[in-house]
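The values are calculated or read from the model by the stated rules, or taken from the named source; none is laboratory data. Quick caveat: nothing in here was measured; it's all calculated off a predicted structure. Here the Cβ positions follow ideal geometry from the backbone for every residue, glycine too, while neighbour counts run over all protein chains shown.
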């Protein structure tokens, strides 16, 4: 006898109809996803490799006039001749030659009002003492200190240009200047060396030093001048200039004191012989070996850097060798010169030299052998970003080229390249936040940095580093700041398109809610830039494929769906206007090739719509959206599988997700019969993926009585029965679903006997049951509906199929036999959930029905599986 629960099950409606809502198990959720809603996969947009190494590729939005050159010439003359020590970074402001007038009133002093000039006669009188100082300077005896020996109190003064001084004027190249103007004029002339207490000139650039105090009788204005100085609350511009000169002079003195004195013996015995060898320039191999030896000797003597005497001799010799033109030699020279810590123009020229060598891919082996990468990263790590922007640009250009070679990837990671690049990006972002504007002239550099990161993110170690330091929000910040720079945006989009292909990176970006507004703004700003649009849409497809929260975040952004539809319409029109490839001879379909640019965008757009439709609150709205449905149907009308297979399959899958929602205002429901007609051409194709998607849509649409009539009238049911022989689990599952819905109508149950439908269902149960309890459950539900009014099992199923069913169901309901096929405990638990919650309840009732309407003539065999 049947138990009370069994009797209730006996009276249930056909199995496809939903029962009262209950808390779903994980197996039920998985089952629903298999039956109806599915996310789509697609290929990441292809990025062709540039045939030539350039700072900016052929697809760059920058014009030739608006970007730094990738080709240039460098010679020894391009470098600045070095001094015994590097020129200080401080630049002196020109002196403002405005003579001070005596104060006229307290109010003028307080307000620092302009004062009238002194009478020329008074100026000459006041200047007479200083004129004597200039005469003394011309004779090499400027302000002698009586406490010092004569040898120390005098310095030989050499002039490149004639300078004569009188009591009140200075004559330079025939021009007479008053004494104060002479100081300013001398600043632009080239003095080799003057007395240490005054000022000096180094190769054309003067560096002022603090002057010793003047005797009281020589001081301007005497005690009265002191009182005037104290009374004035605002120093004049000339006073400020003197203060600046004094500060710079102190800094230069300190730097000079810190210079390392080279041991004379070490210099003469270890370094000078190598320099002589370099000057011979006979054999490239010999010179390269000498450079390597020189680098080693300088390192041994702790002389690498910029604070040691005779450094200028080294650099002058090295610069001359640049003209040899050998790439291997130039790379060794560059590494050594960088170790000597050159700056400004020389640093720029060295970075250009290295960049020029790196443009030839054949030279990558030279970079690997000389380990130049560490020197380049040290430049980025230690030099100032804004002071050396152009040098950083060419340095990064070289690193970008090397990052495209897999053999350098591990070296870059181990030397901290990822951290250095992300730190540079952070510096730019922080400056923009503080100043309210983007850092000027750094957009070209940012293109190189982001292109390098794009090459590196294929490494799992790089991805983990970027996640650990929250690099994705930093890159989103850059997107917001450089929204109008297509090159920067495209590189970051390429980074994200790679990262979001991995689950952990995709989850990290999906949780950053600000990214969706950025992506929408990019789509609206660069609608006609196909290479950028396709990557942004691909990223959105990745985010919405695995994360229901991401679907909700994107949907809530104002104009999100409308933006997708506008892009869909625009690229559909572009595809219509593109030339169609001719068919093969004899009217055969044209060979399948890669999708066009417009088709590729449409593929990614339909994927986003399909993923969005999975959300239970978004899907019904999309199904009721007239524009969404019409665009999808237009694709099915316009495209065939031979035209663009992926686009047609994605479109059909999107319709399948939308057809899942049985809502009153659904446009899909209104156009169900027209959709069924469009699906027929997929069913008769030779494309198994296209057939599967069409069958899935029929599985949803066949819940409607009119569609069931359409299926029977057009013999689609025979096609579904034939698919049971496909030996493909998903196809059998979907076809069985359509047959299950057909058997809801009593007048259509007889169709299962056409084409051997009962036998094929039993074969599916035997072949797939132990490995797919969901499919086994669906077969049992179909047979249950078919046998609702059974009077005799043999007459209903046939003797052979009846005996087979009894044996299979008896064996499958034995837990030990049914779940003993897998050694993987996780897989075994997964099968057990489906077996207990889906298969067992239905199979148990079907077995009881058959047994109660069957006369056993002989024992049933136990099948082996």
From the option list 461, 380, single residue qualifying as assigned to a helix (DSSP H, G or I) and surrounded by fewer than 16 Cβ atoms within 10 Å (Cβ to Cβ) is 461
Being in a helix (DSSP H, G or I) and either surrounded by fewer than 19 Cβ atoms within 10 Å (Cβ to Cβ) or touching a residue at least 40 places away in the same chain (Cβ under 8 Å) (or both): is that true of residue 759 here? yes
Checked 732, 777 against criteria (closer than 13 Å to residue 847 by Cα, in a helix (DSSP H, G or I) and within 50 Å of the chain's Cα centre (by Cα)); the one match is 777
Looking at 527, 573, 562, 592, can you tell me which residue is in a helix (DSSP H, G or I) and either under 27 Å from residue 641 (Cβ atoms) or at pLDDT below 95 (or both)? 573
Is the range 314-334 home to any residue that is crowded, with 16+ Cβ neighbours inside 10 Å, under 26 Å from residue 432 (Cβ atoms) and either out of contact with any helix residue (DSSP H, G or I) (no Cβ under 6 Å at 6 or more places or on another chain) or at pLDDT 90 or above (or both)? no
For the range 496-514, name all the residues that are assigned to a helix (DSSP H, G or I) and either without any contact (Cβ under 8 Å) to a residue 24 or more places away in the chain or over 11 Å from the mean Cα position of the chain (by Cα) (or both). 503, 504, 505, 506, 507, 508, 509, 510, 514
Would you please list the contacts, defined by Cβ atoms under 7 Å and residues six or more apart or on different chains, that run from a residue in the range 62-88 that is at positive phi and modelled with pLDDT under 75 to a residue that is loosely packed, with under 15 Cβ neighbours inside 10 Å and part of a loop (DSSP other than H, G, I, E, B)? none
Report whether or not residue 517 is surrounded by 15 or more Cβ atoms within 10 Å (Cβ to Cβ), in a helix (DSSP H, G or I) and out of contact with any helix residue (DSSP H, G or I) (no Cβ under 6 Å at 6 or more places or on another chain). yes
Any residue at all in the range 486-495 that's assigned to a helix (DSSP H, G or I) and farther than 29 Å from residue 596 by Cβ? no
Sole miss for residue 664 among (1) without any contact (Cβ under 8 Å) to a residue 24 or more places away in the chain; (2) assigned to a helix (DSSP H, G or I); (3) more than 40 Å from the chain's Cα centre (by Cα) is condition (2)
Is it the case that the range 392-408 has a residue that's assigned to a helix (DSSP H, G or I) and either farther than 26 Å from residue 69 by Cβ or in contact with a strand residue (DSSP E or B) (Cβ under 6 Å, 6 or more places away or on another chain) (or both)? yes
Restricting attention to the range 314-346, the residues that are closer than 22 Å to residue 379 by Cβ and in a loop (DSSP other than H, G, I, E, B) number exactly 4
Looking only at the range 801-829, filter to residues that are without any contact (Cβ under 8 Å) to a residue 24 or more places away in the chain and in contact with a helix residue (DSSP H, G or I) (Cβ under 8 Å, 6 or more places away or on another chain); which one of those is surrounded by the fewest Cβ atoms within 10 Å (Cβ to Cβ)? 815
Name the single residue, out of those in the range 298-313 being surrounded by 15 or more Cβ atoms within 10 Å (Cβ to Cβ) and outside any loop (DSSP other than H, G, I, E, B), that is farthest from the chain's Cα centre (by Cα). 313
Are there any pairs with C-beta distances below 9 angstrom linking a residue in the range 700-720 that is at positive phi and in a helix (DSSP H, G or I) to a residue that is modelled with pLDDT of 90 or more and surrounded by fewer than 17 Cβ atoms within 10 Å (Cβ to Cβ), with the two at least 6 apart or on different chains, and if so which? none
